[in-house]
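The values are calculated or read from the model by the stated rules, or taken from the named source; none is laboratory data. All values derive from a computational prediction rather than experimental measurement. Here the Cβ is made from the backbone with ideal geometry for all residues, glycine too, and neighbour counts use every protein chain on show. Each accessible area value is taken on the protein alone, full model and side chains, heavy atoms only, with ligands, DNA and RNA left out. Shrake-Rupley method; radii C 1.70, N 1.55, O 1.52, S 1.80 Å.
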Amino acid sequence: KPYMMYVPYTLWEDAGQVSVAAEKAHRVGAHLVASFPLLPLGPVREGLKQLIPTLLQTADGVQITNIGDLEFLPRELPQNFLVCGDLSFNVTNQESAQVLKKVGVQVLTISPEAQGLNLEQLAGEVIVEGPIPLMRTRHCMLRKDKPHCGLCKNGNKWYTITDGHGVSYPVIPKPKDCQNIILSPGIFPVHPDALRAASLKRINILKEFNP
């Protein structure tokens, strides 16, 4: 069965990298899908809009992270172009799956916490390895006296925050639109119902893509 290879949409800023990635994906029978940023704002949103024509021509599909992402896409998509929904849609039952299918989302990411009846017909994918995004926030966790201290702009470093139980959570800073993505501390446990419902298993590798 064909499967998806999700890579950051910014890859399409470099035609040479896209060509290499597409060749590798298609060689193993995978669709090369451009993953949209979580809640694109400000300059990130504008940059994404500018890349849409290129994505429509050279990607096999896009992975959207919220319902508002659909406004980036034209009503008439290229033939066989895929629209995939990311984990942030929180698909836990047949009703949520039907709503997303009606607005054009063809491949669903099932919540690892999904359980109950009728899940066998969801026919989506579930993340079985790697960290998952737990939260996105515009609160700067590194600031001292100023709202925007700029510390996260120093290289491509990840940070961690630690809760009251001593558990550390990786944080991916997004300085372009001043957001932080908080990840699970490890592999997020998947409910057996979600595993049974998923026709595809997905591995999350959250690092810079290098074809």
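Consider Pro8 against the criteria (1) open to solvent by 50 Å² or more (accessible area, probe 1.4 Å); (2) more than 23 Å from Pro173 (Cα to Cα): it satisfies all of them except one. Which criterion is unmet?
(2)
Condition (residue is surrounded by fewer than 18 Cβ atoms within 10 Å (Cβ to Cβ), of a type in the set (A, V, I, L, M, F, W, C) and on the phi < 0 side of the Ramachandran plot) applied to the stretch 102-112: is it met by at least one residue?
Yes; the residues of the stretch 102-112 include at least one that is surrounded by fewer than 18 Cβ atoms within 10 Å (Cβ to Cβ), of a type in the set (A, V, I, L, M, F, W, C) and on the phi < 0 side of the Ramachandran plot.
Got a sec? Which of Pro78, Pro37 is surrounded by fewer than 17 Cβ atoms within 10 Å (Cβ to Cβ), in contact with a helix residue (DSSP H, G or I) (Cβ under 8 Å, 6 or more places away or on another chain) and in a loop (DSSP other than H, G, I, E, B)?
So the residue among Pro78, Pro37 that is surrounded by fewer than 17 Cβ atoms within 10 Å (Cβ to Cβ), in contact with a helix residue (DSSP H, G or I) (Cβ under 8 Å, 6 or more places away or on another chain) and in a loop (DSSP other than H, G, I, E, B) is Pro78.
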